[in-house]
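Peer 1: This is the structure, below, for whatever I ask next.
The values are calculated or read from the model by the stated rules, or taken from the named source; none is laboratory data. Note that this is a predicted model, so its numbers are computed, not measured. Positions of Cβ are generated from backbone atoms using ideal geometry, with glycine treated the same way; all protein chains shown enter the neighbour counts.
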Amino acid sequence: MAAGGFRQNRVYKAMNRPLTVLGAERRLFFVALITGGAVFSLMHSLVGGMVLFIVGVMIARIATKRDVEILRVLFNSGKFRRRYDPMKIDATEIRIARRDG
């Protein structure tokens with residue numbers, strides 16, 4: 001490495017890709033699989049379970065394509081309070097201090 005040069009590290013594409021199954025994020029795929037299996041078990045309908053699974057995977061693929069981390073954001077959103085409430089009116093005083101000289 002030169003005295004003033006930049007350091008370069010190789011990064012492989014596979015390290016930055018999300019882990020997916022059939023193009024859907026793993027957790028969303030698992031949710032679609034479980035709901036399809038639940039419909040099959042509870043209602044004894046193979047067609048209903050398969051249809052719900054396929055529709056769930058299609059929705060999961062769309063959600064994954066839109067934003068991979070959407071589940072993490074949704075689950076963590078309940079833990080934190082809002083910082084901005086548009087219906088709450090707070091009178092804010094703004095004072096500009098000038099230095100002459």
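Peer 1: Select from region 1-27 the residues that are at pLDDT 80 or above and in contact with a strand residue (DSSP E or B) (Cβ under 9 Å, 6 or more places away or on another chain) and write down the one among them that is nearest to A63 (Cα to Cα).
Peer 2: Ranking the candidates gives R26 first.
Peer 1: Still on this structure: For region 29-84, what are the residues that are crowded, with 16+ Cβ neighbours inside 10 Å and either more than 18 Å from P18 (Cβ to Cβ) or of a type in the set (G, A, S) (or both)?
Peer 2: A32, G36, V39, F40, G49, L52, F53, G56, A60
Peer 1: Kindly provide the set of residues from region 28-38 that are of a type in the set (V, I, T) and either at pLDDT 95 or above or part of a loop (DSSP other than H, G, I, E, B) (or both), ordered by number.
Peer 2: Of everything in region 28-38, those that are of a type in the set (V, I, T) and either at pLDDT 95 or above or part of a loop (DSSP other than H, G, I, E, B) (or both) turn out to be I34, T35.
Peer 1: Looking at (1) in contact with a helix residue (DSSP H, G or I) (Cβ under 8 Å, 6 or more places away or on another chain); (2) exposed (fewer than 13 other Cβ atoms within 10 Å of the Cβ), which one does N9 not meet, given that it meets all the others?
Peer 2: (1)
Peer 1: Looking at V73, V55, V68, which one is in contact (Cβ under 8 Å) with a residue 40 or more places away in the chain and not charged (D, E, K, R)?
Peer 2: After ruling out the rest, the residue left standing is V68.
Peer 1: Follow-up question, since we're still on this one. Just one of the numbered conditions (1) assigned to a loop (DSSP other than H, G, I, E, B); (2) hydrophobic (A, V, I, L, M, F, W, C); (3) at pLDDT 90 or above is not true of I96; which one?
Peer 2: (3)
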